[in-house]
Structures are given as structure tokens and as C-alpha cells.
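> Before anything else, here's the structure in question.
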Amino acid sequence: MSTSIPLPGLESVAPSDPPPRRGPSRDELLEGLNEPQRAAVMHDGAPLLVVAGAGSGKTRVLTRRIAWLISERRAHPGSILAITFTNKAAAEMKERVEDLVGKRARIMWVSTFHSACVRILRKESDKLGYKSNFSIYDAADQKRLMTLVCNDLDLDPKRFQPGAMLHWVSNQKNELRDPEDAAKDARNNLEETYAAVYATYQRRLREANALDFDDLIMGTVHVLQTFPEVRETYRRRFRHVLVDEYQDTNHAQYALIHQLCADNPEDIDDSERVEPAELMVVGDADQSIYAFRGANIRNILDFEQDFPNATSILLEQNYRSTQTILNAANAVIGHNKGRKEKRLWSDAGDGERIVGYVADDERDEARFVSEEIDKLTDEGQLRPGDMAVFYRTNAQSRVFEEVFIRTGQPYKVVGGVRFYERREVRDALAYLRMLVNPADQVSLRRILNTPKRGIGDRAVACVQALADRDRTTFWEALRRADEAPGLATRSMSAIQGFVAMVEELQSMVDAGERADVVLESVLARSGYLTSLEESDDPQDETRLENLAELVAVAREFAEDPLAGPSADPTDVEAGIVAPGLGDFLERVALVADTDQLPDDDPDDQGVVTLMTLHTAKGLEFPVVFLTGLEDGVFPHSRALGDQTELEEERRLAYVGVTRARERLYISRAVVRSAWGAPSHNPGSRFLDELPVDLVDWRRTEAAQTQWSRPDLASGSAARLGAPTAAGRRNFSAAAVRADAAARAKPAREIPSLEPGDRVLHDSFGMGTVVALEGVGEKTVASIDFGSEGVKRLLLRYAPVEKL
Ligand code: ATP
Ligand code: MG
């Protein structure tokens, strides 16, 4: 239960000046916890492991412990580092702690491993030989770069696929092995090639001043291992380290925790040595579902060996689910070998039986789910926001979407084609990234001829040749394109136009212009908006809406850089984080990776959530539909012949079942179309593992002959009918928000200014116009804002008013 407590100001948290004692009482902090949970919250000293099954309150205990540390043990919030699995989880945890102890909690670091490492590396990147404005490459960037690497090495793209090589490289990094290690250990030609690929890939990343996601962790560990004095700085800072979902840490993440929390490093004088931080990890080996990303279940199993003198606490009461749901979960996971038996119980009563349904095909399955959702909401007890539909792979969401659109059932898809993966959004971000870091070749090349401006492959090759000859970056070579042998005059002038535009935009960035202002200038100056506006392709309209949405995101950030999961208020106070472009890009890069959950909208209660089982980890819903329970779908076909993988799938099933609080539905389709071809899949073996008396089968395969509806088997768009108005409205939440934003912000007139005029800017305050360039919509004004400096602003967008 959250209590509302007066919020102490940030100024009261300086380490030398402990805050006056106000805030929750001991009893309030321990309220609603059972005995072992309290013990975990109050535990003092030795490393603490809380192992327990799903829904037993691990996350609740971790959150409460943070509040306890701040409030009762007087820990400085800045000395707390808490690691969660998604940014969304971090934001929620922060909010809950803030509810308990007040705003000063904002200073603590609650974040994902990636976010925490970025923050460390922004300060320490020089130790890795990187500049602090490094780019963060996501999966798509990595793929592009890997394709370049394959070209470099002349590899046959059929034999050496970028995806497979990236996976291999990622595994190396998760094991903290650098290219030299990989080369040393190569046992055959193939592995030698892979090691060479890894080396070239790393070299190219370095040339681009870019790090991929795995590098963030490996790089941080590397810095901490190589520079004991840096490590001791962080050890001095983080006195309390807490990790949620510990079962899904990989070796690199484990090493990071170890650097911060292990006893007595040898490489430093006794006088310099810092006492290890207090460590608490919570997890459940039965929920380890990220082995494919290198997660190592041993981290949790070996905790007591890794941290001698560790204390373990076991939680056994489940507060989330009915006994029926728990029995089902326990029965399924019981089929895994070599696990520690747990006695998870609930006093929530038996509750409803699980409802089962065998559908003719995936459309029929979606229709069943949709009808049940209708029924449950009509009964009045439950809202659509209480319900979630889970599936094994992203592609399975489409059928549910189609049926929901037809019936007008509002929904949101978590994961899937994510906003930040859309082409236009990626293009826009590529522009921004290369402005901040011109060495970022992948971004630069992506937008060099987007929209088309007459810089073709031949021209690119000429510029690249110049870059290679003079051992300079691609960007430098572009600037000196007049020296490139063989470059056609027409390409030359196109390149010069491009360079001039980029330099102008860079001067805005250098002047510290707000991220949203820069973004709008980019879209206008690059011709990107015009090319979409002039297009006949209906998709381009959606693209415009998505870009409007991106501008809105940037504006939100510019107006409140403190908001959101990865902001570090101490940095903001120190003026390190400005609402500037670099910080915006960093936020986006991290959000785009791990944050698959959109922010909660107040009206989300009316929306059914669709998501993969992997993204469902840590969450709970009153009603859960577990769909696609077919051998070959779930468990995934890849796992059918492999015991280890099958056990991982079973853990995933355990995660899925244990998300449900009150009601669980399980379903499968007899025929499912994959890649356009229908396939008949037998029921999932996990279904056979459920005790029969727990499931109320509404329809079984035998019932089909009786109920057979041939019209359902064909699954045509015609039967779906046209989307309803309600459905269409729901289809693009982004479009709705963009619309609203557009209505709220009428097209503004460009103020007519002259040098010497006094103006008022929304953020920078009063200023004096120094100079003007360009005409009409392209007018750029240089305005002197006194202590804020001189800014160059595109008048069409800048919120300035003539006085
Ligand atoms: P998972 O393994 O799925 O991550 P968890 O162990 O982290 O689960 P929580 O999410 O912390 O479990 O808790 C599950 C639910 O039980 C939450 O709704 C939480 O508020 C509630 N809960 C936890 N402990 C108690 C308690 N002592 N009394 C009442 N409710 C509790
Ligand atoms: Mg949890």
C-alpha cells in the first residue's frame, strides 16, 4: 500500500547533510509483508539471495528494501544501484519507492544493466579509447555493419549470414571474450573465420565511435577490471546493489556485479580498499528464459559459492494466483529435471477452473479469445485492461489484431514492430546520430541519399576510396569530395549541398539547441518531409504521423529531461544532462532496446494487452490467455528434439501460467498457417502435463467434427469485413496522438524579424536578433540570449515571439 508523504526537496540529500527524519515509519515500511519478506527487507550486511517461485513477492521485497535502506538505514539515495530487466520495470520501481520515501529517491540509479553501463561509460569511455559521444548500435545497425564486414572480408553471404555471425559475436561478448581470445581458441577454419569477422566488426565499430549493446556491458566490465582506481570510485559510490530477475543475468553481467560487490580485490593497497557493497539479488531459477542471450542459470545456483558468507531467504507463499493456477504451474515445471523442488502455495482459494479451447485454425482461436473478452467485460467485473493475450512469437499477434480491429476491441501490442524500428523513425534518428557523431558511418550512409538527392553508389565508392587512401573517416572524405578521383560533377555538387546542410544542422547542435528543434529542422532541411508529403503511397501518410510522434517524444524530453527511466538527476543538477540532442539519443537508444512496454496511458484500462511470453516476465494480469499451445509453436519447433531447449520452453510456459491472477485460458489451433502454408500441429506436450481435473475443456478436437465450420477454415479477408470505425481508430495509437498534437498546435506564422529586434523564446527567455539567413520557411535567425548564448533557430519551428 502506498502512503502519501510530504516530499522532501532534493537539496536535503547532500551526503554531508543527512535529511531530517521524516517519512514512513518502520511499521509502514514493513506493512503487508510476511515474516521471510520482512527478514529480507531488514537484512543487514552479508550478500543476500532471495530465491522463490513466481508471484511470491520478490520484486515487492526488493522495492521495499530500497525504501527501507533510505528511510531506516539512512542510506544516501545516490549510493543505491538497483537493476531491473526493463526500463519500464525500473520506472515503476522508482515510482513506488518515491511514493514511500519521497522525491529524494530520484537520485538513486534504478535501471537496466544497459542503462547503468551507458551512464558509466559516458564518463569513462576514454579508458576504452572511445569519445564520450559514442553511438549505440541496435540490432538493425549491427546487421548493416556486419554486412559491410562480410564485404570487407569477401565472405559468401549464403554461408556466412550476418544474423548468425552476430549471434556468435554476441555470445563471445557475453562471455567477455575479445577477438584475440576468440582467435586463440579457434579450433577449425570456420571458427577462425568467425574470429576474423569479430575482429573486423570490432574495428569498424571503433572507427565509427560506436558500441553495440553487448559492448556496453563488456566495456564497463573491462574498464572496472583494468583500472582498479576507477572500480574503487564506483565501489565507493554504490554501497547497495540490488538485482531483480537475477536468473537471467549472463556472465558479463555477473562479472559486473562481482566487480562492484565481491570481497577484497587483490590489485589495490589495503588503504585504498573499499568495503564491498551490500548486495541483494532476487530470482527464480524456474523462470530463466534468456539462455539464447547467454543467461546463465548457474549464476543463481552458484550464488552461495560465488559470494561466501551469503545468506539465503526462501519465500513460499504466492500472493498472485489462485491455487488452481499454481497447481497447473507446479505440475508443468515439475517435468524439468535437476531443479530444486519448491512448495509454492496460495491462500487465495481454488478459484475458477482453467478454460481450454481447441480451435479449427488461428482465426477461430482469435475469435474465441475475442468473444471471451467480450463476455468477461459484459459481466462487469473486469475491464479489457485486466486481460492479456500471450503467444510464443511476435508474428502471432497479427491475427489477434485483425480480429480485434474488426470487433472494435481496443488493444495494444507490446513488442512486435516497435515504434523505433519503423523505417522513417530510424531514418530520422540516423540523421540525428550522425550530427552528434559524424564518424558514425552506418548512420551517415543510411541517410546520405535518403531522400534521394543524387548521391549514388558510384559516388559513394569514390568517396570511400578517398577515405581509404587518406585513412580518414567517410565524413571527412565527403567534405573533401573535390579531391576524390573520378567523381562526376553532378554527384560533386549533390555532395556539397549535403555537406552544407549537415554543417548548418551541426551548428544548431553545437549551440545546444533542443532535441525537438533540431529534429524538426532536420526533417525540413533534408527534404524528408517534402518527399513524404508529395508521395502517393498511403503508407507515407502513416510515416508522417510517426515522425510527428517522434517530434512529440523529443519535445517531451526537451521539456522534462528528468522524466523517464534513465535520467540521472545528479547529472541534471550538475548541468551534465541538458535537454540536448546527445542525451535524447541516448535515451532513445536504450528505450528502443529493452523497453518493449509502452508507457501507461490513463485510458489503458480499456485496452487488452498482446505480448510474447518473453516480454510478460515479471508482470501480472487478472486474466491471461495462453495461446498457440501446439508442438512446433510452443514449444518452439527448434526445441522439439533438444532436451535443454525443451526445458527452457517449459520454463517459459511456467512464466506464462504464473502471470495469471484469477483466470487462465489455454488454447490451440488444429491448423495454423505459417509462411502462408497451413500446417497441422499436434497439441503442445505441455497440455498433457496439466492435471486433467484442473481444465474445463470448452471444445476439444473431437468436438470439431460436430461443430466443424468450413467457412472458418478458409480464413479470408472478405469474411473479416472492413475494419469498423472503432477498430480503425484503435489501430494506430500513434496517429491519434499525432492528430491531437497537430490540433493543439496550429500552424504558426513565421515572425518577421530584423537584426536588433527583441524576442521572447519559450525556453531561453529574452534575446536580441543578431543575424538572419534564408527566406520564408527556411529563415534561420541567430539570437543572442545573454547567458544562454547565441542560438541559431529555424524560425518556422522555434517558439519565439517578437516583442
Ligand atoms: P515474479 O516471479 O513473477 O517476478 P515476484 O516474486 O516478483 O513475481 P511480486 O510481483 O513482487 O512477485 O508479487 C506478486 C503479487 O503479490 C503482487 O501483486 C504483490 O503486490 C503481491 N504481494 C507480494 N507480497 C505480498 C504480501 N505479503 N501480501 C499481499 N500481497 C503481496
Ligand atoms: Mg518479480
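> Taking the criterion of being open to solvent by less than 10 Å² (accessible area, probe 1.4 Å), in contact with a strand residue (DSSP E or B) (Cβ under 9 Å, 6 or more places away or on another chain), under 17 Å from residue 656 (Cβ atoms) and assigned to a strand (DSSP E or B), would at least one residue in the range 378-388 satisfy it?
Initial filter on the range 378-388 (open to solvent by less than 10 Å² (accessible area, probe 1.4 Å)): 387-388.
Now narrow it down to the ones that are in contact with a strand residue (DSSP E or B) (Cβ under 9 Å, 6 or more places away or on another chain): 387-388.
Okay, now just the ones that are also under 17 Å from residue 656 (Cβ atoms), so 387-388.
Then keep just the ones that are assigned to a strand (DSSP E or B); that gives 387-388.
Yes, the range 378-388 contains a residue that is open to solvent by less than 10 Å² (accessible area, probe 1.4 Å), in contact with a strand residue (DSSP E or B) (Cβ under 9 Å, 6 or more places away or on another chain), under 17 Å from residue 656 (Cβ atoms) and assigned to a strand (DSSP E or B).
> Still on this structure, please answer the following. Is the range 25-48 home to any residue that is more than 11 Å from ligand 1 (Cβ to nearest atom), out of contact with any strand residue (DSSP E or B) (no Cβ under 9 Å at 6 or more places or on another chain), more than 18 Å from residue 115 (Cα to Cα) and outside any helix (DSSP H, G or I)?
Among the residues of the range 25-48, at least one is more than 11 Å from ligand 1 (Cβ to nearest atom), out of contact with any strand residue (DSSP E or B) (no Cβ under 9 Å at 6 or more places or on another chain), more than 18 Å from residue 115 (Cα to Cα) and outside any helix (DSSP H, G or I), which makes the answer yes.
> Among the numbered criteria (1) modelled with pLDDT under 75; (2) of a type outside the set (A, V, I, L, M, F, W, C); (3) buried (at least 17 other Cβ atoms within 10 Å of the Cβ), which one does residue 706 miss?
The failed condition is (3).
> Would you mention how many residues in the range 49-85 are without any contact (Cβ under 8 Å) to a residue 60 or more places away in the chain and not in a helix (DSSP H, G or I)?
So in the range 49-85, the residues without any contact (Cβ under 8 Å) to a residue 60 or more places away in the chain come out as 60, 63-64, 67-68, 70-74.
Next cut, not in a helix (DSSP H, G or I) only: 72-74.
Number of matching residues: 3.
> Next question. Given the conditions (1) part of a helix (DSSP H, G or I); (2) open to solvent by 60 Å² or more (accessible area, probe 1.4 Å), report the number of the one that residue 187 does not fulfil.
Only one criterion is unmet by residue 187, namely (1).
> Then there is this: Filter the range 519-534 down to the residues that are more than 19 Å from residue 585 (Cβ to Cβ) and open to solvent by 40 Å² or more (accessible area, probe 1.4 Å) and list them by number.
Once the filter is applied, which keeps residues that are more than 19 Å from residue 585 (Cβ to Cβ) and open to solvent by 40 Å² or more (accessible area, probe 1.4 Å), the range 519-534 yields 530, 531, 533, 534.
> Now a separate question. Please go through the range 108-129 and pick out each residue that is of a type in the set (Gly, Ala, Ser) and assigned to a helix (DSSP H, G or I).
Listed by number, the residues that qualify are 115, 116, 125.
> Pairs needed: first member in the range 147-159, surrounded by 10 or more Cβ atoms within 10 Å (Cβ to Cβ); second member anywhere, small (Gly, Ala, Ser); C-beta distance under 8 Å; at least 6 residues apart or different chains.
That search, which allows pairs on different chains as well, returns 153/196.
> Sticking with this one: Has the range 273-284 got at least one residue that is within 14 Å of ligand 1 (Cβ to nearest atom), under 25 Å from residue 57 (Cα atoms) and open to solvent by 10 Å² or more (accessible area, probe 1.4 Å)?
no
> Across the range 305-333, what is the number of residues that are surrounded by 15 or more Cβ atoms within 10 Å (Cβ to Cβ) and in a loop (DSSP other than H, G, I, E, B)?
Within the range 305-333, residues that are surrounded by 15 or more Cβ atoms within 10 Å (Cβ to Cβ) and in a loop (DSSP other than H, G, I, E, B) number 7.
> Can you tell me which residues in the range 499-514 are surrounded by 21 or more Cβ atoms within 10 Å (Cβ to Cβ) and farther than 12 Å from residue 431 by Cα?
Within the range 499-514, 508, 513, 514 meet the criteria.
> Could you check residue 280 against (1) within 16 Å of ligand 2 (Cβ to nearest atom); (2) touching a strand residue (DSSP E or B) at 6+ places or on another chain (Cβ under 7 Å); (3) closer than 30 Å to residue 393 by Cα and say which number it fails?
Among (1) within 16 Å of ligand 2 (Cβ to nearest atom); (2) touching a strand residue (DSSP E or B) at 6+ places or on another chain (Cβ under 7 Å); (3) closer than 30 Å to residue 393 by Cα, residue 280 violates only (3).
> Which of the numbered conditions does residue 257 fail, given that it passes all the others? Conditions: (1) within 16 Å of ligand 1 (Cβ to nearest atom); (2) hydrophobic (A, V, I, L, M, F, W, C); (3) surrounded by 19 or more Cβ atoms within 10 Å (Cβ to Cβ).
Among (1) within 16 Å of ligand 1 (Cβ to nearest atom); (2) hydrophobic (A, V, I, L, M, F, W, C); (3) surrounded by 19 or more Cβ atoms within 10 Å (Cβ to Cβ), the lone unmet condition for residue 257 is (1).
> Any chance the range 191-207 includes a residue that's open to solvent by less than 30 Å² (accessible area, probe 1.4 Å), within 16 Å of ligand 1 (Cβ to nearest atom) and of a type in the set (S, T, N, Q)?
Scanning the range 191-207 turns up no residue that is open to solvent by less than 30 Å² (accessible area, probe 1.4 Å), within 16 Å of ligand 1 (Cβ to nearest atom) and of a type in the set (S, T, N, Q).
> Also: Mind listing whichever residues of the range 648-698 are away from ligand 2 (no atom under 16 Å from the Cβ), of a type in the set (D, E, K, R) and open to solvent by 30 Å² or more (accessible area, probe 1.4 Å)?
Correct list: 662, 663, 685, 688, 693, 696, 698.
> Another question, if that's okay. Filtering the range 51-90 down to residues that are over 13 Å from residue 618 (Cβ atoms) and surrounded by fewer than 21 Cβ atoms within 10 Å (Cβ to Cβ), which residue is nearest to ligand 1 (Cβ to nearest atom)?
So in the range 51-90, the residues over 13 Å from residue 618 (Cβ atoms) come out as 51-53, 61, 64-82.
This time we only want the ones that are surrounded by fewer than 21 Cβ atoms within 10 Å (Cβ to Cβ), so: 72-76, 78-79.
Working: 72: 18, 73: 21, 74: 25, 75: 21, 76: 25, 78: 25, 79: 24 Å.
Top of the filtered list is 72.
The values are calculated or read from the model by the stated rules, or taken from the named source; none is laboratory data. All of these numbers come straight from a predicted model, not from anything done at the bench. A quick note on method: Cβ atoms are made from the backbone with ideal geometry, for glycine too, and the neighbour counts reach across all protein chains shown. The protein model used for the area step is the full one, side chains on, heavy atoms only, and it has no ligands, DNA or RNA in it. Shrake-Rupley method; radii C 1.70, N 1.55, O 1.52, S 1.80 Å.
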